[in-house]
Amino acid sequence: MYNYMYIIECGDGSLYTGWTNDLAKRLKAHNTGQGAKYTKSRRPVRLCYWERFETKQEAMSREAQVKRLNRARKMSLITNENGLPERLNQNAGKNSAEDSDGYMRPRVMRIRPVSSQDNKMSISRVYEESWKQAYRNIIPQDYLDSIPAGAWCEAAFRPDMYSLVMTDGNEIVGTASYCKRRLFDGLPDETDFSVLKKAGEIISIYFLPQYTGKGFGTLLTQAVLAELKKTGYQNCCLWVLEENERARRFYEKMGFISDGISMEQEIGGKRLREMRYVFGLG
């Protein structure tokens with residue numbers, strides 16, 4: 001079990017630093033008012049930065065160090081374009097290792113809004129590799145094999161939605177996009193239904209294959225839900241392919257519920273059914 005020093009952004013824009021050995025559980029506690037006294041009245045909170053350590057003592061020591069930093073220095077740590085914390089070199093994206101001066105070099109990860117400086121090909125690669133893994137045996141293989149490099153270069157930069165990226169060191173390893181709930185032809189406008197009043201929508205959550213099944217999807221989903229709630233949405237929805245049982249189990253575990261609404265689309269010559277899941281932001 002690893003230990004983490006983390007920084008979260010609160011609903012009022014302030015920053016909180018803590019440590020834990022279970023990031024997803026701790027973030028859920030903060031957002032349900034069962035975390036720290038400081039965050040209880042400043043919800044929702046969004047995880048934006050964390051470092052992974054082998055021992056509790058290392059994480060607590062780093063927490064104490066970061067807590068002594070002023071806001072400007074914490075923001076510098078969070079937004080460092082090199083993906084590196086203070087005093088660490090280019091190997092920070094790796095697991096903990098001791099630096100030349102005895103400082104323990106942690107694994108550094110972030111969740112942040114997409115930037116115009118981000119490499120579009122790197123973001124597209126996340127989409128491409130995720131599709132080829134997640135939709136194997138669902139979408140025709142010849143269609144997946146034909147996806148060209150750069151197919152999703154503009155996906156995270158559309159003006160009608162917002163996007164977050166997850167980075168490991170200076171590598172983009174995950175991305176998520178969200179917007180106001182979309183309306184589709186052939187489906188009823190259920191604006192008056194309480195579950196869809198003031199509803200946002202999660203458009204996509206994708207990861208490089210080697211980052212799936214490790215809890216990162218939960219962290220990124222929690223970050224998107226916090227952003228939607230901070231924007232003022234009361235509920236959110238998303239669409240999942242019926243045959244994508246792994247994704248459906250994941251969202252159900254997160255608390256999403258299928259509301260029985262579905263639609264069909266054709267991908268690669270195959271008719272596929274999408275199911276809508278809804279979630280109350282509280």
Calculate one ³J(HN,Hα) per residue across the stretch 204-213 by plugging θ = phi - 60° into the Karplus curve 6.51 cos²θ - 1.76 cosθ + 1.60, and present them in order as whole Hz with x for glycine and proline. 7, 9, 10, 9, 4, x, 6, 9, 7, x
Tilt relative to the chain, helix 245-254 - C-alpha long axis, 0 to 90 degrees, to 10: 60
Give the cross-link partners of Lys40 among the lysines, using a straight C-alpha distance below 18 Å as the criterion and excluding same-chain residues fewer than 8 apart. Lys25, Lys28, Lys229, Lys230
Mean separation of Cα contacts under 8 Å (at least 6 apart) over the residue count of the chain, i.e. the relative contact order in percent, is 15
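Taking the Cβ of Ala149 as the center, what net charge do the other residues with Cβ under 10 Å away carry, scoring Lys and Arg +1 and Asp and Glu -1? Don't skip to the end; give the middle numbers.
Numbers: positive: Arg125; negative: Glu128.
Surrounding charge for Ala149 is 0.
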Give the carbon-plus-sulfur fraction of the accessible surface of the chain in %, rounded to a whole number; probe 1.4 Å, heavy atoms of protein chains only. 47
So what are the ³J(HN,Hα) numbers for the stretch 70-80, from phi and the Karplus equation (6.51, -1.76, 1.60; θ = phi - 60°), rounded to whole Hz, Gly and Pro as x? 6, 4, 4, 6, 5, 5, 4, 5, 5, 9, 3
accessible surface per residue for the chain, probe 1.4 Å, DNA/RNA/ligands not counted, whole Å² -> 50
Just to be sure I understand: with springs between alpha-carbon atoms less than 10 Å apart, which residue in Ala134, Ala64, Ala226 has the highest mean-square fluctuation in the Gaussian network model of the chain? Ala64
Mean Cβ count within 10 Å, highest first, over the residues of peptides 258-266, 43-51: 43-51, 258-266
Using the Karplus equation 6.51 cos²θ - 1.76 cosθ + 1.60 (θ = phi - 60°), what ³J(HN,Hα) coupling, rounded to whole Hz, does each residue of the stretch 223-232 give in order, writing x for Gly and Pro? 5, 5, 4, 5, 5, 4, 5, 5, 6, x
Helix 56-67 axis, angle to the chain major axis (alpha carbon atoms, nearest 10°): 90
Compare the peptides 233-239, 65-71 by average per-residue count of other Cβ atoms within 10 angstrom and give them in order, highest first. 233-239, 65-71
Just to be sure I understand the model, the point goes 7 Å from the Cα along the line to the Cβ. What's the resulting Leu183 to Arg158 distance in nm? 1.7
Value at 222 nm in deg cm²/dmol, rounded to 500, when DSSP H runs of n ≥ 4 in the chain each add -39,500 (n - 2.57): -8500 deg cm²/dmol
I'd like to compare 17-30, 142-155: which one has the highest average count of other Cβ atoms within 10 Å, and what's the full order after that? 17-30, 142-155
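The values are calculated or read from the model by the stated rules, or taken from the named source; none is laboratory data. None of these values were measured; they are calculated from a predicted model. With ideal geometry, Cβ positions are generated from the backbone for all residues, glycine too; neighbour counts draw on all protein chains shown. These accessible areas exclude ligands, DNA and RNA; they are computed on the full protein's heavy atoms, side chains included. Shrake-Rupley method; radii C 1.70, N 1.55, O 1.52, S 1.80 Å.
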